[in-house]
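Take a look at the structure below.
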Amino acid sequence: MQDEGPDPHRGEDVRRAGPEKESSVSRRRFIAASAAGAIGLGLAGAAFWPIWEYLSPQSAEGEKVQVTIPRSQLGIGQAHFFQYRGRPAVVFQVKPGEFIALSAICTHLGCIVNWRPEEQIFLCPCHAGKFSLTGEVLAGPPPRSLPPYPVTVKGNEIVIG
């Protein structure tokens, strides 16, 4: 009897010869790669979520119509950050008795601006948007100025709103 090669009925390895080729990616490899990608994406999201929450403004819960700040907390050339209607805001004393209140949310992507006293500007940490003391865009990608809020002085208190 002549040996005709492996017998598929006995569980022996049968390989096909000819133009048909085995796929370079098996089903098992595809599923494993997909699962690894999904897990990696989930871990990346979990790592960046706290950063996004830190840079993003809070929701409008606990909304107040007016905010009162003692004048003693704000010297000339100083900025004071606070929550106004549940969102970050800032008040600045330009000169004695003259105050400006602005939204502290960058108009580009909604990050919270920082006060840079050495440069006398507000700087967005996300894409380096720069704003003047009055909220006007000086540089960067922000499309418009920081929105102002009404400010009044009543005795020893600054009232915003």
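Within segment 102-120, does at least one residue satisfy the condition of being in a strand (DSSP E or B), under 25 Å from Trp49 (Cβ atoms) and among the basic types (Lys, Arg)?
Taking every residue of segment 102-120 in turn, none turns out to be in a strand (DSSP E or B), under 25 Å from Trp49 (Cβ atoms) and among the basic types (Lys, Arg).
What residue, of Pro125, Pro150, is touching a residue at least 12 places away in the same chain (Cβ under 8 Å) and within 27 Å of Glu53 (Cβ to Cβ)?
Pro125
Condition first: over 17 Å from Gly77 (Cα atoms) and in contact with a strand residue (DSSP E or B) (Cβ under 6 Å, 6 or more places away or on another chain). Now tell me which residues in segment 112-124 satisfy that.
If the condition is that a residue be over 17 Å from Gly77 (Cα atoms) and in contact with a strand residue (DSSP E or B) (Cβ under 6 Å, 6 or more places away or on another chain), then Ile112 is the only one that fits.
Scan segment 68-75 and tell me whether some residue there is hydroxyl-bearing (Ser, Thr, Tyr) and under 30 Å from Gly155 (Cβ atoms).
Yes, that holds for at least one residue.
Read-outs throughout are calculated quantities, based only on the coordinates presented, and are distinct from any laboratory measurement. Note that the coordinates shown come from a computational prediction; the quantities given were computed from them, not determined experimentally. Ideal geometry is used to build each Cβ from the backbone, glycine not excepted, and the neighbour counts take in all protein chains shown.
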